[in-house]
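What follows is a single structure, written as structure tokens, with notes after it.
Computed from the coordinates by the stated procedures, all read-outs in this text should not be read as laboratory data. What you see is a predicted model; the values in this text were computed from it and never measured. All Cβ positions, even for glycine, are placed from backbone atoms using ideal geometry, and neighbour counts span all protein chains on display.
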Amino acid sequence: MPGIEAASARLDGHSRQKPALRPTSIFPIRYSQFRAVLGEMSSSSMTFPNNNDWQIVAGVAGAGAVAALAIWLALRRRPSAEEIERARRGFLVQSGRLVDGMLLDVYEVDGPEGEKLTFLLYNYRIAGVDYECSQEITAMRGVVNASEVRAGFPCTVRYQPGNPHNSIVVAEGWTGLRAAVPQFPNFDDPNPLDRGHLQHGRR
């Protein structure tokens, strides 16, 4: 019958149609929710701390560095007066200039603890200016014997260029003291009244 055939045809057509498949997602949240989460994460990661926080951290670090430096300066061993004087002598031996001088005296004074301190007094001239200085030689008994130093003898002085008052006469490995007055060779002058030696052909 035509009606029955038409009805069966419609049924067959519906049976052949496949159901529409909805796309599935591996994410348990919707796309709009995912974008919202990403926006919150990016906004939170791109925010920097306040400048006041950096200033506080920098101030604390600077204060710690200053405190450490102060502790180091307070606890470090300071050089003694003898070590400072030895460093001064070494500096002048390496970079000091030489000039002729004169020993004036060898004298002793009482130290702060009652000990005897030995000094050399000498003078020298630089660029027309006279300088009179003294050098302590108490700790240099192995270098110079004060009893053998003679006042009035010439000596060699080492001084600092630009600061002529800073000078020495003796140091470790160097001495400007002289054992005796230098002797210059004497030449016999001819009789000043006799001019025969000036005649030609006569010697």
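Using the Karplus relation 6.51 cos²θ - 1.76 cosθ + 1.60 with θ = phi - 60°, the per-residue 3J(HN,Hα) values for segment 76-90 come to 6, 7, 7, x, 7, 5, 5, 5, 5, 5, 5, 5, 5, 4, x Hz, with x marking Gly and Pro. Along segment 59-70 the Karplus relation, 6.51 cos²θ - 1.76 cosθ + 1.60 evaluated at θ = phi - 60°, assigns HN-Hα couplings of x, 5, 5, x, 5, x, 5, 5, 5, 5, 5, 5 Hz to successive residues, with x for each Gly and Pro. For Leu177, nonlocal amide neighbours, meaning residues 5 or more places apart or on other chains whose placed amide H falls under 5 Å from its own, are Thr156.
Scanning residues 5 or more positions from Ile137 or on other chains, those with amide H under 5 Å from its amide H are Thr118, Phe119, Leu120, with H placed 1.01 Å from N in the peptide plane.
Taking the Cα centre as origin and putting +1 on Lys and Arg beta-carbons and -1 on Asp and Glu beta-carbons, what dipole magnitude results for segment 81-175, to the nearest 20 debye?
Charge dipole, segment 81-175, about its Cα centre: 460 debye, nearest 20.
With a Förster radius of 22 Å applied to the beta-carbon distance between Ala139 and Ser95, the computed FRET efficiency rounds to 0.50.
For segment 121-135, backbone phi angles converted through the Karplus equation (6.51, -1.76, 1.60; θ = phi - 60°) give residue-by-residue couplings of 10, 8, 9, 6, 10, 9, 6, x, 10, 8, 10, 10, 10, 9, 9 Hz, Gly and Pro being listed as x.
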